[in-house]
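S.K.: So that we are looking at the same thing, I have put the structure below in structure tokens.
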Amino acid sequence: MFAVHLVSFFFSKLKEDPTKKVDRFLYAMRLHDDQLNDISARFQDEMKKGLSAKSNAAAAVKMLPTHVRSTPDGSEKGQFLVLDLGGSKFKVLQVKVREDVGIRKGDVQTEEKTYPIPKELLTGRGTELFEHVAESLKDFLHEKNISLEKKHPLAFTFSFPCEQSALDQGLLLNWTKNYRAWGLLGKDVVQVLRKAIDNTGGTDVDVLAMVNDTVATMMTCGFDDSYCEVGLIIGTGTNACYMEEMRHVDLVEGDEGRMCVNTEWGAFGDDGALNDYITEFDRDIDSASKNPGKQIFEKMVSGLYLGELVRLVVLKMAKLGLLFEGHVSDALRTKGSITTAHVAAMEEYKNGLKNTRDLLVDLHLNPSPMTASLFSMSAP
């Protein structure tokens, strides 16, 4: 009787609809509510470790104090310069808060320019990276005809883990994403920036604060919504911050008031806390990265890695004969041939299938309607 059921099961699988085969393969990578609740509980445990002075040194999620002690209350005004460094782009901005006549309370006006970062600077000498930042600032001031007759207050958004003992000080703990500039670990990046600006000349600025990009996000949103007390980034990398009661922040003296904490949750899982949720594709991404064993959670969800994750999944399905009748093109075997931008295009409501077909053509794969539909199922 068992043999009959076994044979029946075998032939049912042979005749199974291709869509069901793909769906069954992907099902193992879907997280259910109980699993998500388990991950949430593990993350809360990691947060507590990071907040405690006794366990912070060994904690993967560092819960770094930012020395930002309040959110905007709407009374702020002035004109400021901002440098935003840390993702795939570098920006210089001029921000005007309630400067012009007739502007509503809480309104902000900005002018900005995005500057490319040469790839060699990402892995070269750190001081050269900051010299590029200073040169870009100088270019922005001249292009926007911003007066140099007065000293301009400047805020520095820096999207990497830093240990801060003051708002205008930050010791670089480690690089993340695709940054590996050398010579800056353990250095105060605010001082490095100030020196680069002084050496470049042609600018007169006062670097008043350095904040993480999550903190900048929270503060910006908080200017319009006083209830906003969380900042979240899901871009090239991922991170979050939130306002915490001082009595829970062991790394800073004092129990009164509150302080914004930069979680640095991209490192969640670096201590093995997510090992039973990591797939073979996550392991491949990690082993091929510039920082194996680090930023595990970030590698599982963020934009820098998402396209490559999809490529690895599709490649595995093709090798198993679930896609493209088992055909694997050289393009599909090539690292980086599917980007996060491609994934977003495949997910578009109206043009998703067309975009998928175009990508399949570029990858030298069979772009039949059925194949395009199955391929798009592989995108998150």
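S.K.: Just 341, 273, 59 to compare: in a GNM of the chain, with alpha carbon springs under 10 Å, which one fluctuates most?
M.R.: Of the options given, 341 has the highest mean-square fluctuation.
S.K.: Express in nm, to one decimal, how much length is gained between residue 334 and residue 45 on full extension, taking 0.36 nm for each residue of separation and deducting their alpha carbon distance.
M.R.: Between residue 334 and residue 45, full extension yields 100.2 nm more.
S.K.: From the phi of every residue in the stretch 151-160, what ³J(HN,Hα) in whole Hz does the Karplus formula 6.51 cos²θ - 1.76 cosθ + 1.60 yield, where θ is phi - 60° and glycine or proline is x?
M.R.: Running phi through 6.51 cos²θ - 1.76 cosθ + 1.60 with θ = phi - 60° gives 6, 9, x, 10, 10, 10, 8, 10, 8, 9 Hz.
S.K.: What list of ³J(HN,Hα) values in whole Hz, one per residue of the stretch 241-246 in order, does the Karplus curve 6.51 cos²θ - 1.76 cosθ + 1.60 (θ = phi - 60°) give from phi, with Gly and Pro shown as x?
M.R.: Working through the residues one at a time gives 9, 7, 7, 10, 5, 4 Hz.
S.K.: Among the DSSP beta bridges whose two residues both lie in the chain, what percent are antiparallel, rounded to the nearest 5?
M.R.: 75
S.K.: OK, next. Using percent of Cα pairs over 34 Å apart as the read-out, say which of (1) 40; (2) 46; (3) 23 was calculated from these coordinates.
M.R.: Calculated percent of Cα pairs over 34 Å apart: the matching label is (1).
S.K.: Please give the contour-minus-distance gain from residue 142 to residue 128: 0.36 nm per residue of separation, less the Cα-Cα distance, rounded to one decimal in nm.
M.R.: 2.9 nm
S.K.: Given H placed 1.01 Å from N in the peptide plane, which residues other than close sequence neighbours of residue 204 have an amide H under 5 Å from its amide H?
M.R.: The list, which skips near neighbours in sequence, is 152.
S.K.: My understanding is that a pair violates if its Cα-Cα distance is over 25 Å; which of 54/294; 89/195; 20/177; 316/350; 119/354; 96/151 do that in this structure?
M.R.: 20/177; 316/350; 119/354
S.K.: Stretch residue 361-residue 28 to full length: gain in nm at 0.36 nm per residue minus the Cα-Cα span?
M.R.: Numbers: separation 333, 0.36 × 333 = 119.88 nm, distance 2.85 nm.
Stretched out fully, the residue 361 to residue 28 stretch lengthens by 117.0 nm.
We did not get these values from a lab; they are worked out from the coordinates using the rules stated. Model, not experiment: these values are computed from the prediction.
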